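Peer 1: Below is the structure I would like to discuss, written out as structure tokens.
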Amino acid sequence: MASFAIDGSNNLHYVHHPAEASGVTFVFFNALTGDTTMWESPIGETLRRGGHGVLAFNFRGQRDSAFAPGTALTPDLIVEDARALLAHVAPERPVFVGLSIGGLFAAQVHLGGTPGAEAIGLVLINTLRKDGARLRWINDAVVRAAEVGGLELFRDLYVPLLFAEPWLAENRGNFLKAPAYAPIDPESGPYNLLKHAGAADWDLPYEELDLPVLVMTGLEDHVFLDRKAVAELSARMPDAGRLDVEGAGHLLPGEDPEEAVAEALLDFAASL
């Protein structure tokens with residue numbers, strides 16, 4: 001584990017394992033409420049055994065990544081930070097992997113054309129969606145839930161819609177436990193990230209993603225999945241393949257990390 005200092009008050013926590021000579025480096029972009037631990041075991045371990053490298057990092061406001069008071073943790077800032085970290089680490093043969101909105105950030109980093117911040121492959125896990133009234137409503141409702149009852153209320157409300165039945169049956173006992181909900185700290189990193197997520201620009205020039213792309217979709221995502229939008233946006237990319245995963249929802253690395261994610265990443269790397 002390491003820390004990349006942006007300045008005296010801001011830093012990015014990251015984990016980097018270099019690739020072997022024949023491998024790629026998987027660069028992981030979190031979901032807004034994620035952190036590097038989602039990628040470390042068993043996904044990162046499996047990839048490293050295959051000779052590949054791993055670079056995972058936390059956005060400012062996520063665990064161990066500090067931000068100066070008053071800093072707006074906007075999508076543009078996250079993308080800018082990612083470019084700076086990539087320039088600092090200079091991973092060999094990077095393959096960007098983004099979960100949820102992290103996939104949007106990964107695509108934007110690549111499209112920016114910054115030397116050292118371009119990928120040789122891109123994996124979008126439950127990322128593709130189109131802006132509109134429904135998505136804006138969801139974003140605003142997530143923020144309102146956190147303001148009323150913190151992340152505990154947000155999770156209790158949304159987890160049943162984001163995950164598939166097997167995971168829900170196994171993990172039900174970890175939820176709906178708070179005797180009373182409390183509002184999220186308005187100065188906290190998670191709130192800052194959620195509050196500004198609505199500014200994300202989902203209108204990407206998908207035709208310009210002229211690299212191999214793997215679009216992974218958990219079919220039990222009942223919040224963000226719009227199958228028509230996924231098909232339409234995938235078709236706009238010059239070299240995109242689809243992998244639909246039955247029996248899993250939005251957070252594939254948490255539901256089926258070994259078979260659905262690690263094996264798919266190994267296969268994708270072998271195809272490059």
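Peer 1: What number in nm² do you get for the stretch 38-145 if you take the convex hull of its Cα atoms and divide its surface by four?
Peer 2: For the stretch 38-145, averaging the hull's shadow over all directions gives 8.4 nm².
Peer 1: From the gyration tensor of the Cα coordinates in the stretch 77-196, what semi-axes in whole Å does the equivalent ellipsoid have, largest first, with each one equal to sqrt(5λ)? Walk me through the numbers on the way to the answer.
Peer 2: On the way: eigenvalues 201, 61, 42 Å².
Semi-axes, largest first: 32, 17, 14 Å.
Peer 1: From largest to smallest, what semi-axes in whole angstrom does the stretch 189-272 give when each is the square root of 5 times an eigenvalue of its alpha carbon gyration tensor? Could the numbers behind the result be given before it?
Peer 2: On the way: eigenvalues 97, 76, 38 Å².
The three semi-axes for the stretch 189-272 are 22, 19, 14 Å.
Peer 1: Please tell me the relative contact order of the chain in percent, rounded to the nearest whole number, where contacts are Cα pairs under 8 Å and at least six residues apart.
Peer 2: The normalised contact order for the chain reaches 20 percent.
Peer 1: Grab the other residues whose beta carbon is less than 12 angstrom from that of ALA235, score K and R as +1, D and E as -1, and report the net.
Peer 2: Result for the neighbourhood of ALA235: 0.
Peer 1: Shifting gears a bit: Kindly provide the Kirkwood hydrodynamic radius of the stretch 178-232 in Å, to one decimal, from all pairs of distinct alpha carbon atoms.
Peer 2: Working: mean 1/r = 0.0658 Å⁻¹.
Its Kirkwood hydrodynamic radius stands at 15.2 Å.
Peer 1: Please report how far the C-alpha centroid of the stretch 109-146 lies from that of the stretch 59-89, rounded to the nearest whole angstrom.
Peer 2: Using only Cα atoms to place each centre, the spacing works out to 15 Å.
Peer 1: How far is the Cα center of the stretch 213-252 from the Cα center of the stretch 163-204, in Å?
Peer 2: Each part's Cα centre sits 21 Å from the other's.
Peer 1: Additional query: From Cα pairs below 8 angstrom and at least 6 apart in sequence, can you work out the relative contact order of the stretch 58-174, rounded to a whole percent?
Peer 2: In percent, rounded to a whole number, it is 17.
Peer 1: Here is a further query. Among PRO91, PRO179, PRO42, which one moves the most in a GNM of the chain with springs linking Cα atoms closer than 10 Å?
Peer 2: In this elastic network of the chain, the residue with the biggest mean-square fluctuation among PRO91, PRO179, PRO42 is PRO179.
Peer 1: Before rounding to the nearest 500, sum -39500 (n - 2.57) across all DSSP H runs of length at least 4 in the chain and divide by the residue total; then give [θ] at 222 nm in deg cm²/dmol.
Peer 2: Counting only the DSSP helices, I get -11000 deg cm²/dmol.
Peer 1: Against the globular-protein guess of 2.2 N^0.38 Å, express the Cα radius of gyration of the chain as a ratio, rounded to two decimals.
Peer 2: After normalising by residue count via 2.2 N^0.38 Å, the value is 0.96.
Peer 1: Counting only complete DSSP H runs, which helices of the chain cover 20 Å or more along their long axis at the Cα atoms and score a mean Kyte-Doolittle of 0.0 or above?
Peer 2: Helices meeting the span and hydropathy rule in the chain are 75-89, 133-162.
Peer 1: I've got another one for you. Most mobile of SER100, SER22, SER234 per a Gaussian network model of the chain (Cα springs, under 10 Å)?
Peer 2: In the Gaussian network model the winner is SER22.
Peer 1: Determine ³J(HN,Hα), in whole Hz, for all residues of the stretch 167-175 in sequence, where each value follows from phi through the Karplus function 6.51 cos²θ - 1.76 cosθ + 1.60 and θ = phi - 60°; x replaces Gly and Pro.
Peer 2: 5, 5, 5, 6, 10, 3, x, 8, 10
Peer 1: Compute the signed sum of charges (Lys and Arg +1, Asp and Glu -1) over the other residues within less than 13 Å, Cβ to Cβ, of ALA145.
Peer 2: Here the charged neighbours net out to -1.
Peer 1: While we're looking at this one, here's another question. How many percent of DSSP beta bridges within the stretch 1-118 run antiparallel, rounded to 5?
Peer 2: Numbers: 8 of 17 bridges.
Bridges in the stretch 1-118 that DSSP calls antiparallel: roughly 45 percent.
Peer 1: Can you sort ASP201, ASP256 from fewest to most other Cβ atoms within 10 Å of each residue's own Cβ?
Peer 2: The fewest-first ordering by Cβ neighbours comes to ASP201, ASP256.
Bear in mind that the values in this text are calculations on the coordinates, not laboratory data. Keep in mind that this is a model prediction, so the values were computed, not measured. Backbone-built Cβ (ideal geometry, glycine too); neighbour counts: all protein chains shown.
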